[in-house]
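Inspection log for the structure reproduced underneath, given as structure tokens.
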Amino acid sequence: MPYPAIDPRRLQVFPLSQRRNLLRVVELAEKVLAIDPAAAAAIDAQVGRLAQRILSARERGAAVMVTYGAHLIKNGAGPLLNRLIEAGLVTHLATQGAGVIHDWEFALQAESGESVRENAPAGTFGSWDETGRWLNLAVLVGAAEGWAWAKPSAA
């Protein structure tokens, strides 16, 4: 190992309420409502094509998986994902850590998005107590309840 292991007892975490957030749900919603009509027409055409493909797949009984990164959530599309799932149009979701983090923080406090430029040099990037505590607790509960989607293969 090129670096010594981190001693978790020496980690310093901070209350999420102390972090400056760059994104607010209310502001994201206002942005969506203020889309330029010319851009909206192009977006509508793309969404229409995608919708037809999703409907066709679901009519055939095929699964529809949405894979996304943090920007989908950071741009305010979380409620759209919820509606697609509730309607049975999307059957599977896959994201990475930042997608989950932003989604959870928006649900908790309607804000998310720390500044990498400010917090990485200060050594505080990703050091927010509630986010780490509650997301890790959710994973532990899921594992204890047997909600794992894949079982490790026997080596």
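The values are calculated or read from the model by the stated rules, or taken from the named source; none is laboratory data. This structure is a prediction, so every number in the text was calculated from the model and none was measured. When the accessible area is computed, the model is the full protein with side chains, heavy atoms only, and any ligands, DNA or RNA have been set aside. Shrake-Rupley method; radii C 1.70, N 1.55, O 1.52, S 1.80 Å.
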When the expected Rg is taken as 2.2 N^0.38 Å, what fraction or multiple of it is the alpha-carbon Rg of the stretch 78-119?
1.41
For Trp128, which sequence-distant residues (separation of 5 or more, or a different chain) have an amide H within less than 5 Å of its own amide H, given hydrogens modelled in the peptide plane?
Phe14
Any DSSP H helix in the chain with Cα axial reach of 15 Å or more and mean Kyte-Doolittle score of at least -1.0? Listed by number, the hits are 37-59, 97-109, 129-144
If the chain between Arg49 and Arg24 were fully stretched, how many nm would it gain, using 0.36 nm times the residue separation less the Cα-Cα distance?
6.0 nm
How long is the stretch 1-61 along each principal axis, judged by its Cα atoms, biggest number first, in Å?
52, 35, 22
Taking only DSSP H segments of four or more residues, each worth -39500 (n - 2.57), what value at 222 nm results for the chain once the sum is divided by all its residues, to the nearest 500 deg cm²/dmol?
-16500 deg cm²/dmol
If the chain between Val139 and Ala62 were fully stretched, how many nm would it gain, using 0.36 nm times the residue separation less the Cα-Cα distance?
24.9 nm
For the chain, give the percent of accessible area contributed by carbon and sulfur heavy atoms, probe 1.4 Å, rounded to a whole number.
61
If you compute Rg/Rh (Cα atoms, Kirkwood Rh) for the structure shown, which of (1) 1.11; (2) 1.28; (3) 1.03 do you land on?
(3)
Quick one: Debye curve from the alpha-carbon atoms of the stretch 57-132 only, equal weights, vacuum; give me log10 I(q)/I(0) at q = 0.12, 0.20, 0.24, 0.25 Å⁻¹ to two decimals.
-0.42, -0.89, -1.13, -1.19
